[in-house]
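Reviewing the structure listed below.
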Amino acid sequence: MLEANEKVKSLANLKDTNEYTELEQLHNSGIAPIKSNEITGSLKGRSNVLSKIRELVEKAEKEVLICTSALDFEDKSRVLVPALEKLSKNVKVKIVLSGDAEKVKKINNKFDLKAKHVDTNARLFLADKKEVLFMVTSNEAEEEMAVWLSSPFFTESLSNIVSQALK
């Protein structure tokens, strides 16, 4: 009987804990579920990838980071360049291109850019350190495929890694 009284007393004191208060608030206010299609997505096909890249660049408010090959940039330039030109002057644009250094110089002159040359096969597009689009196929692939991710923590970390590599 003594053990039962202790358990009743313990349960009675449960209402006084912070955890109980938080659970009660959560129960009363509810919680909005996170929908996976709002934070991730996969894209297949050139037109789908180009549309998402355009959307990322045009929605950017603070910063755009483009890391791709010179060939890929040139191939996507009819979408990328107009989207970059539409950006406000307050949006910082960093472009890093791999491939032939002379090709990077030609692209800089042709499109009036300040792209830097790097030695990497990475192809990614970051916007505001919140969203990233990874290309998961190489330049030579038959069909383009990409993964889009909306994760400020991950994207900021990735942006910092790329920025460190540029130093």
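The values are calculated or read from the model by the stated rules, or taken from the named source; none is laboratory data. All of these numbers come straight from a predicted model, not from anything done at the bench. Cβ coordinates were reconstructed from backbone atoms using ideal geometry, including for glycine residues, and neighbour counts include every protein chain displayed.
Being at pLDDT below 90 and out of contact with any His (no Cβ under 8 Å at 6 or more places or on another chain) is a description that does not apply to I53. Restricting the range 125-167 to residues that are aromatic (F, W, Y) and in contact (Cβ under 8 Å) with a residue 12 or more places away in the chain, the residue that is surrounded by the most Cβ atoms within 10 Å (Cβ to Cβ) is F125.
Checking each residue of the range 106-124 against the condition of being of a type outside the set (G, A, S), closer than 20 Å to S51 by Cβ and either free of Cβ contacts under 8 Å to residues at least 24 places away in the same chain or surrounded by 14 or more Cβ atoms within 10 Å (Cβ to Cβ) (or both) gives at least one match.
Listed here are the residues, each with its yes/no results for (1) in the same structural domain as E131 (by TED's automatic domain parsing); (2) surrounded by 11 or more Cβ atoms within 10 Å (Cβ to Cβ).
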position	(1), (2)
K7	no, no
A12	no, no
E22	no, no
G41	yes, yes
T68	yes, yes
F73	yes, yes
S77	yes, yes
P82	yes, yes
E85	yes, no
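Scanning the range 87-139 for residues that are over 24 Å from Q164 (Cα atoms), touching a helix residue (DSSP H, G or I) at 6+ places or on another chain (Cβ under 7 Å) and either part of a helix (DSSP H, G or I) or of a type in the set (K, R) (or both) yields a single hit, F111.
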